[in-house]
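Data block below; observations after.
Laboratory data are not the source of any read-out in this text; all were calculated from the coordinates shown. Keep in mind that this is a model prediction, so the values were computed, not measured. Using ideal geometry, Cβ is built from the backbone for each residue, glycine included, and neighbour counts are taken over all protein chains shown.
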Ligand SMILES: Nc1ncnc2c1ncn2[C@@H]1O[C@H](COP(=O)(O)OP(=O)(O)OP(=O)(O)O)[C@@H](O)[C@H]1O
Ligand SMILES: [Mg+2]
């Protein structure tokens, strides 16, 4: 026995098994295209997310607790400065930022110079990483790059005091980026969730296409079995076959995915760069090995999962009631778990359970409802249609569930992206309230500038401005003497610029009260964490003075994690340490140049740090739009993929069913009436799926917004539902139904000259 | 003399395959009276199925005339739409067609199939159970086509045809996929009911015995064209 087994010649077997694809080359092509697209979509989303996350992390690390040395005369630092500072015994580390002609910004550092930073500081942590990786490169490498732009900074540890510096230098905080807040992070997390969903959907589609081919090959497998080929050989062959196909297709898929992500990632990086001066350091991204291996595993599991895991197979072959019972249990457990989950992990488990339950239950539910309706129909054609619907739901389970998931995902992502877009918009509005933003140079007198602007305000229509002083204050915690450090955002005058800020909650006429110094406002984060409400009084220590100040309002911070207090800077005591000072100016009918010219003269400086908020806003809006549009495009692509899979499967299934539609013609219905029945059936099917996708999509939105986000970041976005978009999706799914029926109708249109070829009739399932 | 149920005059049909035209039926003429049966024989490919398709309007002839229940169908493209509608209405109510297999909607139970066919023809569906009982498959009424044997399926197909009370039955090898014994039974029921209800029957078959049981006989001869 053994002898004959080992002698089964591989070549004829391979030829026999491959002959299927020679007869059905389109099937092979469909499978290959499906693998490529699945890989592309998943790699795209994944690559984008991990790259953006990496650059965010790096920039966060890079900005941790740092100060820099600057020249008093405001000129750029050069190597000589480094030398003279080191000679004076000051610990400085060069930080050379270069923007190459192609690619992202790089930072050149000198690891030898960094040792005086000591352990535990942000810089040394960054520098513990090997320097051959981007974005941190060796100083020497950075200096030799052909750069569009390069700038040298000299960083010094916190222990360095102003007194330690030689003449002609001063200290300033070094800030590569203000904190993006967790808005960006949150968006990334949601993108990651999207990536997992895309993977799931594409796996389902892959499986459906593969099983379709397998079903058609069953006869030849049976024949081979009769010829004495052991089933194990056929199975190993299938494994080999799908593995080689996957290998051939996954690699271009990953390549396409990275190409796709480059489009997206560019958008995200530019947004961060333009908005926060966060350089999008060339992220390490992901290698090739991980995505290729992951996709190979997905292809294998999707195609041969039940074959490989024999025990799993029994689960699939459970009787329908037992299976639906199990699915219901999963669904209910998932729903409950999502509600009660104490941590993110459990929420993700819950989502998995709900999707598993919904996916298992959907076709059964459609079939059940169809039968239930059919039993109540007196009209014979309607009854027949509902019975056919039940068959369709069962036969097209995989593509239908994939379509349902894709619809739900598009729904959730659309709601989420729109919410984010809205939030980003309002956030931009808050941070970029004026047209220009001018830093007050160190040593310059802000009061003089304020007086000058006040003088001009009367004569220049449209001129709006306020002066911002930033520093810190102690907030006496209720029942806790130690207190809490909060940021101070002090504004004066409390004019029309600041009054544009939206408030979540406020007393009557809050801005008027703020202007007259009757209280403070706090950000959402502080209010939430300290359970502060409008009308409460805070014991605030500013400089050396303490006082009770009522809370006039709470303003949204869109994820800024630090507690912040907004007050009228005229109420600041003298001892208050101003860490940073700036002017926000909308010049109105005046040229900004004339304002800055006057300020330069006033302050006696050659150059000013000015930020043109209009340009930034334009750029940011454009880039966010691009990012969101691409995110939408990505989900839409998944939907189209799911729709075409359904179309393809529907086509194949229908060709086995066409005879029964022809039977209707034999029984005296016109071709038109039959086509009408077909159309109604297809619309019933896709419309039903869309209806079933709706609650899943809304639930998914709720989970993302109200469960995942609060658990991950401690704050939640507003959840909005968009019925207009539901309508669009409904129209879309009906369009899918329409195209199915048009395609199938063409099969019917062929002359029915020989309806008698009964031997060729298959597909007599019910 | 009563007018015949069906009259066929000079009927021709050819198929075009590639750049070759293959005549399948050439200048065929015959008549069939009400209550009469006609056996169609001939080798495989001789055009039996093609003729049956022509006789129920599922295919259109290249030449000739078909007169069915006083309705005259002339070959030619003029009035194609009206002709199609007239044929459809005839098929719905007057012509019962039985194929070798796959006569039932797989998603409907046997009873639902019979009811469906009766309702399409505008007949009373409540007699459907009777028909199944008369064909000895009354107890299988709730089963689906894939849950019964081939012979039982053909019986159900006959029940459907009789439930629509046709004037003409076209049967294309209705027993072709059954074993000898079952085939005899099914054919017996067919002839019995046809005689009792007085409808016309045209039966295409390879089975000489079955052909002999018919009152008339038409041999389409050898494979034409090749
Ligand atoms: N749609 C078509 N296009 C081209 N040729 C056709 C078509 N339908 C039938 N034919 C040809 O017409 C001839 C008659 O076919 P038909 O099916 O009527 O034969 P038959 O007598 O029913 O054969 P059988 O006993 O095998 O059922 C055959 O040669 C067939 O190949
Ligand atoms: Mg035939």
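How large is Rg over Rh for the range B:13-149, taking Rg from the Cα atoms and Rh as the Kirkwood inverse mean of 1/r across Cα pairs?
Values: Rg = 18.1 Å, Rh = 17.6 Å.
For the range B:13-149, the value is 1.03.
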Packing-based ranking, highest mean first, of A:326-333, A:433-440 given that Cβ atoms within 10 Å are counted: A:433-440, A:326-333
Per the C-alpha gyration tensor (a ≥ b ≥ c, the square roots of its eigenvalues), the range A:575-617 is rounded if a/c is under 1.5, else prolate if a/b beats b/c, else oblate; here it's oblate
Let me confirm one metric for peptide A:664-676, namely the mean number of other chain beta-carbon atoms within 10 Å of its residues' beta-carbons. 5
Which order do the peptides A:664-672, A:495-503, A:157-165 take when ranked by the mean count of other beta-carbon atoms within 10 Å per residue, highest first? A:664-672, A:495-503, A:157-165
Can you tell me the Rg and Dmax of the range A:432-615, counting just the alpha carbons, in angstroms? 16.9, 53
At residue A:144 and residue A:239, where each label point lies 7 Å from the Cα along Cα→Cβ, what is the point-to-point distance in nanometres? 5.0 nm
Normalised by the empirical 2.2 N^0.38 Å for globular proteins, what value does the Cα Rg of the range B:134-226 take? 1.16
Quick one: if you stick a label point 7 Å off each Cα along the C-beta vector at residue A:457 and residue A:529, how many nm between them? 3.3 nm
Shielding of A:390-396 by other chains, given as the mean Cβ count within 10 Å, works out to 1
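How large is the convex hull of the C-alpha atoms of the range A:359-460 per residue, in Å³?
On the way: hull volume 21.9 nm³, N = 102.
Spelled out: Cα convex hull of the range A:359-460, divided by residues, is 215 Å³.
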If you count, for every residue in B:88-101, the Cβ atoms of partner chains within 10 Å of its Cβ, what is the mean? 4
What's the angle, to the nearest 10 degrees (0 to 90), between helix B:180-197's Cα axis and the longest principal axis of chain B? 80 degrees
So the FRET efficiency between residue B:208 and residue B:74, C-beta based with R0 = 35 Å and rounded to 0.05, is 0.50
On Cα atoms only, tilt of B:80-93 relative to the major axis of chain B in degrees: 30 degrees
Given axes a ≥ b ≥ c from the Cα gyration tensor, I'd like to know whether the range A:505-558 is rounded (a/c under 1.5), prolate (a/b larger than b/c) or oblate. oblate
